[in-house]
Structure formats: C-alpha cells, structure tokens
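Input: a single structure, listed below in structure tokens.
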Amino acid sequence: MLKRLMILALSLAVICGASSVLAQEKPKTFTFTAIPDQDTTRLQKRFGKVAQYLSDTLGIEVNYIPVKSYSASVAAFKNNEVQLAWFGGLSGVQARLAVPGAAAIAQGEEDPDFVTYFIAHSSTGLTPSAGFPHGIEGMTFTFGSKGSTSGRLMPEFFIRAALGKAPRDVFRRVGFSGDHSKTLALVQSGSYQAGALNYKVWENEVKAGKVDESKVQVIWRTPGYPDYNWTIRGDVDKTWGAGFIGKVQQALLEMKDPELLASFPRKRFIKADNSMYQPILDTARDIGILQK
C-alpha cells in the first residue's frame, strides 16, 4: 500500500512538473495599441501590418488591439493589457505617470516640432493669418478628443495665451469631436464654425481628396511643440528577457517600409526619452488637465 502511494505521489509530481514547464515555455503575446486619433477601421488595417513587422523583427508573437478612446489607451497600458503604445504627447505623459518605470523610447522625426492647424468654415470669412486668429472669438469651436495633445491641450494653451480666457469664455459653443477626422468633418459641414486638428491628419485627408477647400481652410498654424511617442512599460524585460526594451526600440528605429510608416504617418522614427515631454506635462498642469 505504501509503495503504491509513493508511486502515485511521484507520478503526480512528474505531471505537475511537466505542466509547469509547459506553462513557462508557452510564449506570452506582446501587445500594443495606438490612440484612436483617426477613423478606427483604418487604424485596425494599418496597425495589423505593424504588428506583423514587430513579430518578424522581434521573433515573438505581437498583437495590435484597438481602443475606443484616448483614456482607454492609457487605461489599457496602466492595466498591462498592452505593453507598448503609440501615444500622443499628453496621453503618453498620463500613461508614464500611471506606470512607474515606463519610458518613451521613440518618436516620429516630425514629433519634436509638431503643430496644430486651426481651421474655419468658409462662411466665417476668416482667412489665413501669421498670428493668432482673433476673429474666432464668439464663434462655435470644436476640439478633438479631450485627451488629445494636438486636438485639445495645445490649442487650448494657445487660446488662453492669446486671449487670456478659457475656451468656454471665448466661444459661443465648445465641442469635442473625439478625433481629428471628425473635427475636419464637423467644420467642413458647417456644424462648427472653427476647430483645431493635427496637421498630419489634415495633410493626409487633403491627399485622400476628403477636403473641400472651398468650404474649409487652414487659418492658423501654431508654434511647434513635442507630441507623439512610443511608450513601453518598464517591466517588460522581466517577461521577455534583459534588453528587450532596447530590442523594441531598435525595431522601431529600423522601420523603413514606407507603407508601415504611412500608418502613423511619419518619415521615420528617432530616439525619444521622458524628458522631452516635460513641456507637455507642465502645460497640462498649468491649464488644469493634470493635477500639480
């Protein structure tokens, strides 16, 4: 009887040990997301190819998951549902504050000096100007997402700097479209008289033939500021091995396929670090979006 029990115990130990080894060997999927700054259907198609590139380059399974809002992208990063994200300046700051050790590792060549376009419907009579367009006072105005750097944070900063008042005290009605493509559509249709959006989205929509410049035009280009970035969780080395963050960074810096880069859209990626986004953090705190 004792011998049988010993054999049974030994068998269970072997089975459990084998199961443990299999569990350890089962690869964990490395997952990333991106802020939904444009139509999410288009983003799904584009970033699926980016996921395949990262899988091939890193030699692991990489998956892209879409999110419905800027705040959802930050929440997914905080909860470790994604380990890497293509954030805007503000959402990247929020994510890194929420996850100690998280780091900005890459940005587009254009991102250290990003700009916002202020646009207006033709019925307003507003025309392009070199300085802040004071004629927008009293009109209806739409930002993009509440969490957008180029569609909300920086436009609001420049509005406050030029007029000394919060947007609600400047405009007859203030809206938040949700993303840059919708901002363009709302102003072009006349639903809002003016708005602010990412200049890259404007340029892409012009190329795609989706801008009727007899109805809507750019009336002001803001000064530059730091914006988009790839941010990665600091604990990924524990899962994928020492030096993994560096491998991911290198894969992004070596991304050369024009089709992949058009997903962002960027000419190429360059190195980034958290300190580059201090101006965004300071601005968000100054206007009350983030607590001091």
> Can you pick out the pairs among 165/292; 78/238; 45/146; 45/267; 247/271; 182/215 whose Cα atoms lie more than 23 Å from each other?
Replying inline: 45/146
> Which one of 129, 119, 150 has its Cα pushed farthest toward the positive end of the charge dipole of the range 116-221, where Lys and Arg give +1 and Asp and Glu give -1 at the Cβ?
Replying inline: 150
> In degrees, nearest 10, range 0 to 90: what is the angle between the Cα axis of helix 154-163 and the longest Cα principal axis of the chain?
Replying inline: 30
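Go ahead and run the numbers for FRET between residue 134 and residue 278, Cβ-Cβ distance against an R0 of 25 Å, rounding to 0.05.
With R0 = 25 Å, the Cβ-Cβ based efficiency is 0.25.
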> Which cross-chain or sequence-distant (5 or more) residues have an amide H under 5 Å from the amide H of residue 216, H modelled 1.01 Å from N in plane?
Replying inline: 122
> How long is the gain from residue 203 to residue 58 if the chain were fully straight, where each residue apart is worth 0.36 nm and the alpha carbon distance is subtracted?
Replying inline: 49.0 nm
> Helix 2-25: angle to the longest alpha-carbon principal axis of the chain, degrees 0 to 90, nearest 10?
Replying inline: 30
>> Once you place label points 7 Å from the Cα toward the Cβ at residue 75 and residue 256, how far apart are they in nm?
In response: 4.1
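Counting only C-alpha contacts under 8 Å and six or more residues apart, can you give the relative contact order of the range 176-290 as a whole percent? Mind dumping the intermediate values first?
On the way: 55 pairs, mean separation 18.9, N = 115.
Value for the range 176-290: 16 percent.
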> Relative to the first principal axis of the alpha-carbon coordinates of the chain, what is the inclination of helix 244-253, with its axis defined by its Cα atoms, in degrees from 0 to 90 and to the nearest 10?
Replying inline: 40
> Placing +1 at every Lys and Arg Cβ and -1 at every Asp and Glu Cβ, with all other atoms neutral, what dipole size does the chain have around its Cα centre, in debye to the nearest 20?
Replying inline: 740
> Given the C-alpha centroids of the range 262-292 and the range 139-170, what is the distance between them in whole angstrom?
Replying inline: 17
>> Suppose we keep just the DSSP beta bridges with both residues in the chain; what percent of those would be antiparallel, to 5?
In response: 65
>> Let's see if you can work this out: charge +1 on each Lys and Arg Cβ, -1 on each Asp and Glu Cβ, no other charges. What is the dipole magnitude of the range 20-165 about its Cα centre, in debye to the nearest 20?
In response: 400
> Between 230, 106, 66, whose Cα lies farthest towards the positive end of the dipole of the chain when Lys and Arg beta carbons carry +1 and Asp and Glu beta carbons carry -1, centred on the Cα centre?
Replying inline: 66
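Of the DSSP beta bridges with both residues in the range 116-221, give the percent that are antiparallel, rounding to the nearest 5. Mind showing how you got there, number by number?
Numbers: 10 of 16 bridges.
Of those bridges, close to 60 percent are antiparallel.
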>> Which one, 240, 86, 230, has the greatest fluctuation when you compute a Gaussian network model over the chain with C-alpha springs under 10 angstrom?
In response: 240
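Treating the beta-carbon of each Lys and Arg as +1 and of each Asp and Glu as -1, no other charges, what is the dipole magnitude of the range 116-221 about its Cα centre, to the nearest 20 debye?
Values: 13 positive and 8 negative charges, 47 e Å.
About 220 debye.
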> Which of the following values of log10 I(q)/I(0) by the Debye sum over Cα atoms at q = 0.08, 0.12, 0.14 Å⁻¹ was calculated from the structure shown: (1) -0.40, -0.77, -0.99; (2) -0.62, -0.94, -1.03; (3) -0.34, -0.76, -1.01?
Replying inline: (1)
>> Over the range 116-221, what portion of Cα pair distances is larger than 25 Å, expressed as a whole percent?
In response: 8
>> So, for the chain, what is the accessible surface per residue at a probe of 1.4 Å, expressed in square angstrom?
In response: 47
> Of all the accessible heavy-atom surface of the chain, with the other protein chains kept in place and a 1.4 Å probe, what percent is carbon and sulfur?
Replying inline: 54
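The values are calculated or read from the model by the stated rules, or taken from the named source; none is laboratory data. Note that the coordinates shown come from a computational prediction; the quantities given were computed from them, not determined experimentally. Please note: Cβ atoms are built from the backbone with ideal geometry, for glycine as well, and neighbour counts cover all protein chains shown. Surface accessibility is based on the protein's heavy atoms, side chains included, excluding ligands, DNA and RNA. Shrake-Rupley method; radii C 1.70, N 1.55, O 1.52, S 1.80 Å.
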